[in-house]
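Before any comments, here is the structure.
The values are calculated or read from the model by the stated rules, or taken from the named source; none is laboratory data. What you see is a predicted model; the values in this text were computed from it and never measured. Positions of Cβ are backbone-derived with ideal geometry, glycine not excepted, and every protein chain shown enters the neighbour counts. Areas reflect the complete protein model, heavy atoms only, side chains present, ligands, DNA and RNA absent. Shrake-Rupley method; radii C 1.70, N 1.55, O 1.52, S 1.80 Å.
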Amino acid sequence: MSAAISTRVHQSTLDDANWVRWSLIAVALGFVILFLCVPLVLVIIQAFSKGFGAYFSALSEPDMQAAMRLTLLTALITVPLNTVFGVAAAWAITRFEFRGKDLLITLIDLPFSVSPVISGLIFVLMFGAQGWFGSWFVEHDIKIIFAVPGIVLATLFITFPFVARQLIPLMQEMGSEEEEAALSLGASGWKTFFLITLPNIKWALLYGVLLCNARAMGEFGAVSVVSGHIRGMTNTLPLHVEVSYNEYDTVSAFAGASILAGLAIVTLILKTLLEWKQTNRATV
Amino acid sequence: MSILLSNISKHFGQFAALHDIDLEIPEGELVALLGPSGCGKTTLLRIIAGLEQADKGKIFLKGEDKTDLHVSQRGIGFVFQHYALFRHMTVFDNVAFGMRVKDKKVRPSEAEIAKKTHALLELVQLDWLHNRFPDQLSGGQRQRIALARALAVEPSVLLLDEPFGALDASVRKDLRQWLRNLHHELNVTSIFVTHDQEEAMEVASQVVVLNKGRIEQQGSPAEIYDYPANEFVSKFIGQTNEFTLEHQTIDWFKHIGLLISEQSKVAHVRPHDIEIAKSTNNDTPITLKDWQHLGALIRIELTKTLPNGKPKLVYVEMPNEQFKRLQLNRGDKVDLKIRHAHWFN
């Protein structure tokens, strides 16, 4: 009842703007439906177009399994590493004064501003057979490009900013007084970090890790350049989707895509939860 | 000597925050580091704590050289201006923190920690808040918890950075009293930083006046007030009237009772060291302009036209009763008599 009354009051005061409001909402909603919901539904319909049996056999196919394993492996290596790098970078930037700090902040953002394809090419130029360090690796029989290490390196580069970007503004706002207080009470540096800093940044850190993981699993451009698309060997899930699609194996392509879409939805839900936790930090 | 600083200097880039500070603080004193903002007082406090490193100089606490010791090893208690309570811990956990992070070998048992924590919370009269979180407390309560937390590690020296700075006026008054009483009870050597001279005079047993990274004067509040070492201290501590000796003002100075010394050029006179009376002579150059009630005292504004044509304001303070007896009105001519002055070069 009260909601209806308040709407009426608003309507009377915003009479002229009413059609503007509704058309803007319609445009936004239409965009979301057309570009997000419809494709998502299509992915699922296509994945199941030949029945559940075909869907699950596509998922249990060895190449698909290998792609999933590689994607998981890449995420398992890059996410922890970038969590450590991100915390270290955020710590250095917010707790120390040094020359070139602004440059460091800009450099952390570099993977965001460079096209992923270029990022991939950089690694080919460095570690490829014709690259700068290529001959040394060839001599020692170490394969980086068109092999798993290259994929991990490219993903590591692409996902580097996520954790640091989440932590820097928060740690800047918090200041270092609580840490100084802990030190003055006799706590060691490690104890201060684990007992004071970490509890204060944990939600932002998890949020950064989540985004980092989503990108690590979903990265296409940079990985595509360094992977070499060897089925069952150097194909990650996104690459496998593309290869299958190009070979008109729609069920396999969309089955892979449905896994990635599911990952995106889970990420979105967790992200919303974490955002909620972060804003309610004081009362939790 | 509980605290001994020798030759402490500190630069931030080009800016010299502290120049060759030498300071001795005897056991059990409650010392105020007093000075205008930017004078280096907080930097000095942080250097004693080990939160900042001096460029040169030595720090001795209880006779031991602590210059190169990490902050966590110095045995100091530090109370931050904005309290810096651990926001994710209860009041109890905040106070217990210092005991819980001790090395296993010297750490008290959890039962002992609990007992001592409650005792400290009793001491600051806030045990009833032990399971609250810091953001559920008022500013004054946070301040007292921060103090209890610092005392939990039994520091040899207690350092407080602007302890009353973030509180409103009435709470500040109460806490000043309370801190002085607490210091009487515990007798731990303490230093607090303040820019408020009234606060320094009221709370401290010793006052160290700092300006532009140098110590201007150190002494008891009475010494600082009655015998200021230089113009800066005289002006910074309490109200003062400044009289500059020039060729044309000599006669007037003699007339109002300012003794003229050979070398000194500037006389500082406290407002309560001036007597006034209604003048019978209409040519008297001093006029009563206005007055304000300051509680028990009245502050009277007088103006005099100087030989160079500019008006000079002179402030006089006296008890209400005395002012009533004089029966003065705005615009009356008055005679001055200066009882006491501090002369500076």
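Of all residues in region A:206-232, which are basic (K, R) and surrounded by 20 or more Cβ atoms within 10 Å (Cβ to Cβ)? Step through it out loud before you land on a result.
Of the residues in region A:206-232, the ones basic (K, R) are A:215, A:231.
Selection gives A:R215 alone.
Tell me which of these A:F146 doesn't satisfy, since it passes every other one: (1) surrounded by fewer than 22 Cβ atoms within 10 Å (Cβ to Cβ); (2) within 14 Å of chain B (Cβ to nearest Cβ); (3) in contact with a Ser or Thr (Cβ under 9 Å, 6 or more places away or on another chain).
Failing condition for A:F146: (2).
Select from region A:12-48 the residues that are surrounded by 10 or more Cβ atoms within 10 Å (Cβ to Cβ), farther than 16 Å from A:I259 by Cβ and either touching a strand residue (DSSP E or B) at 6+ places or on another chain (Cβ under 7 Å) or of a type in the set (G, A, S) (or both) and list them in ascending order.
Across region A:12-48, the qualifying residues are A:A17, A:S23, A:A26, A:A28, A:G30.
Within region B:4-24, how many residues are closer than 16 Å to B:D65 by Cβ and either touching a Gly at 6+ places or on another chain (Cβ under 7 Å) or touching a residue at least 40 places away in the same chain (Cβ under 8 Å) (or both)?
Residues flagged as closer than 16 Å to B:D65 by Cβ and either touching a Gly at 6+ places or on another chain (Cβ under 7 Å) or touching a residue at least 40 places away in the same chain (Cβ under 8 Å) (or both) within region B:4-24 amount to 7.
Please list, ordered by residue number, the helices (runs of 4 or more DSSP H) wholly in region A:14-92 having 2 or more residues that are among the hydroxyl-bearing types (S, T, Y).
A:51-60
With the requirement that a residue be more than 21 Å from B:L33 (Cβ to Cβ) and part of a loop (DSSP other than H, G, I, E, B), what does region B:157-183 give you?
Selection gives B:D168 alone.
Taking the stated definitions as given, is B:L120 modelled with pLDDT of 90 or more and either β-branched (V, I, T) or part of a strand (DSSP E or B) (or both)?
no
Residues that are in contact with a His (Cβ under 7 Å, 6 or more places away or on another chain), in contact (Cβ under 8 Å) with a residue 60 or more places away in the chain and under 30 Å from A:H240 (Cβ atoms): does region A:74-93 have at least one?
Within region A:74-93, not a single residue is in contact with a His (Cβ under 7 Å, 6 or more places away or on another chain), in contact (Cβ under 8 Å) with a residue 60 or more places away in the chain and under 30 Å from A:H240 (Cβ atoms).
Pull out all pairs, ordered by first then second residue, where Cβ-Cβ is under 8 Å, the residues are six or more apart or on different chains, the first lies in region A:223-237 and is touching a residue at least 60 places away in the same chain (Cβ under 8 Å), and the second is charged (D, E, K, R) and not in a loop (DSSP other than H, G, I, E, B).
Short answer, once both residue conditions are applied: A:S224/A:E242; A:R231/A:D63; A:G232/A:D63; A:N235/A:D63.
Look at B:F80 and say whether it is aromatic (F, W, Y) and open to solvent by less than 10 Å² (accessible area, probe 1.4 Å).
Details: aromatic (F, W, Y): yes; open to solvent by less than 10 Å² (accessible area, probe 1.4 Å): yes.
It is true that B:F80 is aromatic (F, W, Y) and open to solvent by less than 10 Å² (accessible area, probe 1.4 Å).
Does A:L103 count as surrounded by fewer than 22 Cβ atoms within 10 Å (Cβ to Cβ), of a type in the set (A, V, I, L, M) and in contact (Cβ under 8 Å) with a residue 60 or more places away in the chain?
In short, no.
Here are some conditions: (1) open to solvent by 10 Å² or more (accessible area, probe 1.4 Å); (2) touching a helix residue (DSSP H, G or I) at 6+ places or on another chain (Cβ under 9 Å); (3) among the hydrophobic types (A, V, I, L, M, F, W, C). B:F164 meets all but one. Which one does it not meet?
Result: B:F164 passes all but (1).
Being open to solvent by 40 Å² or more (accessible area, probe 1.4 Å), within 30 Å of B:K115 (Cα to Cα), among the charged types (D, E, K, R) and not in a strand (DSSP E or B) is true for just one of B:E198, B:E223, B:E154. Which residue is that?
Answer to the selection: B:E154.
Restricting to region B:127-140, give me the number of residues that are closer than 18 Å to B:F97 by Cα and open to solvent by less than 60 Å² (accessible area, probe 1.4 Å).
Residues that pass the stated criteria total 3.
Which of (1) at the interface with chain A (Cβ under 9 Å from one of its Cβ atoms); (2) open to solvent by less than 70 Å² (accessible area, probe 1.4 Å) is the odd one out, the single condition B:R100 does not satisfy?
Here B:R100 meets the rest and fails (2).
Which of the residues spanning region B:72-92 are among the aliphatic types (A, V, I, L, M) and closer than 13 Å to B:L158 by Cα?
Within region B:72-92, B:I76, B:V79 qualify.
Is it the case that some residue within region B:308-323 is over 27 Å from B:F236 (Cβ atoms), aliphatic (A, V, I, L, M) and open to solvent by less than 40 Å² (accessible area, probe 1.4 Å)?
Taking every residue of region B:308-323 in turn, none turns out to be over 27 Å from B:F236 (Cβ atoms), aliphatic (A, V, I, L, M) and open to solvent by less than 40 Å² (accessible area, probe 1.4 Å).
Being within 14 Å of another protein chain (Cβ to nearest Cβ) and among the basic types (K, R), is that true of even one residue in region A:201-215?
Checked against the condition, which is being within 14 Å of another protein chain (Cβ to nearest Cβ) and among the basic types (K, R), region A:201-215 yields at least one hit.
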